[in-house]
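**Q** Attaching a single structure in structure tokens format; questions to follow.
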Amino acid sequence: MIRIAIQSKGRLNEESLELLKDSGVTVDNQKRKFLGRAANYPLEVLYLRDDDIPEVVADGSADIGIVGLNEVEEKGVAVEIVRQLGFGSCRVSLAVPKDAEYSGLEWFQGKIIATSYPNILKRFLSEKGISASVRTIMGSVEIAPAAGIADAIFDIVSSGGTLISNGLVEVERVLYSQAVLIANPSLSEEKRALLDSLLFRIDAVGSSRGKKYILMNIPSDKVEEAINILPAMRSPTVMPLAASGWSSLHSVVEESELWDKVEKLKALGAEGILILQLDKVIA
Ligand code: ATP
Ligand code: MG
């Protein structure tokens, strides 16, 4: 049995459960429940506030966890970062009032900075040789300058909308964060094996993200050219059609290149192009 800690509610909850589900691990999202059990994998789920996840994994109350890198860095506890999960992206940045004459990091010398991430901030300031006072506030940090209790803030930014509506501008991006899978560094052999088999599944889900399966009919004399447009994992699959002179071509494409490739294939005479969802990719 392995125990995973995930956020009980908030921005990471849904995608954490989705990742488990796509990995074939079914757990119910009962928000009031503290501890759940997967139906089809030897896994227990501990639902916590995100702030508590790094410590709980470090002390072994949970074996693994899904949490923002920002919380891991802030808590500074000994956990292994096993995977970057590609969701919950944000940055932790310094922001100043928009009418401040910001000239560079020196501006912060002697200033008061409000934040919920005092440890990351203190580390950054000392690395840069800036002495400023750090005022820890949990929640609504962005109103601190307007309320006259700080000169600047250090907080999470994603779109930047919150900053703008509070009359602030982002001036220094200190940490780029996303959800990460963390593990206790001294897992038993049994738990390490369960983690490895879970990772195998998570990686298969991750590899399929941003990719599509494409198939089409194409004149057989154009197959060579089409293959040059469509390199697949090993090489595309080509099968003869019942109609002579035609082949069926199957491959995998990056979604970002999809339309460009479809246009080129159509120009070659491809017909009946189907683009399908990919669930898992096991290389
Ligand atoms: P909890 O009740 O679990 O303590 P919280 O209010 O501290 O929740 P959320 O707002 O749910 O936290 O955010 C969880 C994580 O989502 C953040 O720590 C961060 O890693 C990530 N995140 C991504 N984008 C944003 C954003 N725009 N604002 C806040 N967090 C974000
Ligand atoms: Mg929190």
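The values are calculated or read from the model by the stated rules, or taken from the named source; none is laboratory data. These figures come from a predicted structure and were not determined experimentally. Here the Cβ is made from the backbone with ideal geometry for all residues, glycine too, and neighbour counts use every protein chain on show. Quick note on the areas: whole protein, heavy atoms, side chains included, nothing else; ligands and nucleic acids left out. Shrake-Rupley method; radii C 1.70, N 1.55, O 1.52, S 1.80 Å.
**Q** Counting only residues that are in a strand (DSSP E or B) and open to solvent by 30 Å² or more (accessible area, probe 1.4 Å), how many does region 81-98 have?
**A** Let us first name the residues in region 81-98 that are in a strand (DSSP E or B), namely 81-84, 90-97.
In the following step, the residues that additionally are open to solvent by 30 Å² or more (accessible area, probe 1.4 Å) were identified as 81, 83-84, 91, 97.
Counting residues in region 81-98 that are in a strand (DSSP E or B) and open to solvent by 30 Å² or more (accessible area, probe 1.4 Å) gives 5.
**Q** Let me confirm something: among Glu101, Glu14, which residue is open to solvent by 60 Å² or more (accessible area, probe 1.4 Å) and in the same structural domain as Met138 (by TED's automatic domain parsing)?
**A** Numbers: Glu14 fails: in the same structural domain as Met138 (by TED's automatic domain parsing).
Going through Glu101, Glu14 in turn, just one is open to solvent by 60 Å² or more (accessible area, probe 1.4 Å) and in the same structural domain as Met138 (by TED's automatic domain parsing): Glu101.
**Q** Inspect region 35-46 for any residue being within 16 Å of ligand 2 (Cβ to nearest atom) and either buried (at least 18 other Cβ atoms within 10 Å of the Cβ) or modelled with pLDDT of 95 or more (or both) and give the result as yes or no. Outline the logic, then answer.
**A** Filtering region 35-46 down to residues within 16 Å of ligand 2 (Cβ to nearest atom) leaves 46.
With either buried (at least 18 other Cβ atoms within 10 Å of the Cβ) or modelled with pLDDT of 95 or more (or both) added as a condition, the list becomes 46.
Yes: one or more hits.
**Q** Go through (1) in contact (Cβ under 8 Å) with a residue 40 or more places away in the chain; (2) under 24 Å from Asp99 (Cα atoms); (3) open to solvent by 50 Å² or more (accessible area, probe 1.4 Å) one by one and return the number of the condition Thr115 breaks.
**A** Failed condition: (3).
**Q** Quick one: is Pro145 open to solvent by less than 40 Å² (accessible area, probe 1.4 Å), assigned to a loop (DSSP other than H, G, I, E, B) and more than 16 Å from ligand 2 (Cβ to nearest atom)?
**A** yes
**Q** Among the listed residues Ala58, Ala78, identify the single one that is open to solvent by 60 Å² or more (accessible area, probe 1.4 Å), away from ligand 1 (no atom under 14 Å from the Cβ) and closer than 20 Å to Arg123 by Cβ. Write out each step before concluding.
**A** Numbers: Ala58 fails: open to solvent by 60 Å² or more (accessible area, probe 1.4 Å).
Exactly one of Ala58, Ala78 is open to solvent by 60 Å² or more (accessible area, probe 1.4 Å), away from ligand 1 (no atom under 14 Å from the Cβ) and closer than 20 Å to Arg123 by Cβ, namely Ala78.
**Q** Sticking with this structure for a sec: Would you mind finding the one in Asp203, Asp151 that is away from ligand 1 (no atom under 13 Å from the Cβ) and within 30 Å of Lys21 (Cα to Cα)? Outline the logic, then answer.
**A** On the way: Asp151 fails: within 30 Å of Lys21 (Cα to Cα).
Going through Asp203, Asp151 in turn, the sole match is Asp203.
**Q** Still on this model: Does region 1-29 hold any residues that are in contact with a strand residue (DSSP E or B) (Cβ under 8 Å, 6 or more places away or on another chain), assigned to a loop (DSSP other than H, G, I, E, B) and more than 16 Å from ligand 1 (Cβ to nearest atom), and which are they?
**A** Hits for region 1-29 are Met1, Val25, Val27, Asp28.
**Q** Do we have any residue at all in region 3-17 that's more than 16 Å from ligand 2 (Cβ to nearest atom) and closer than 22 Å to Glu190 by Cβ?
**A** For region 3-17, residues more than 16 Å from ligand 2 (Cβ to nearest atom) and closer than 22 Å to Glu190 by Cβ: present.
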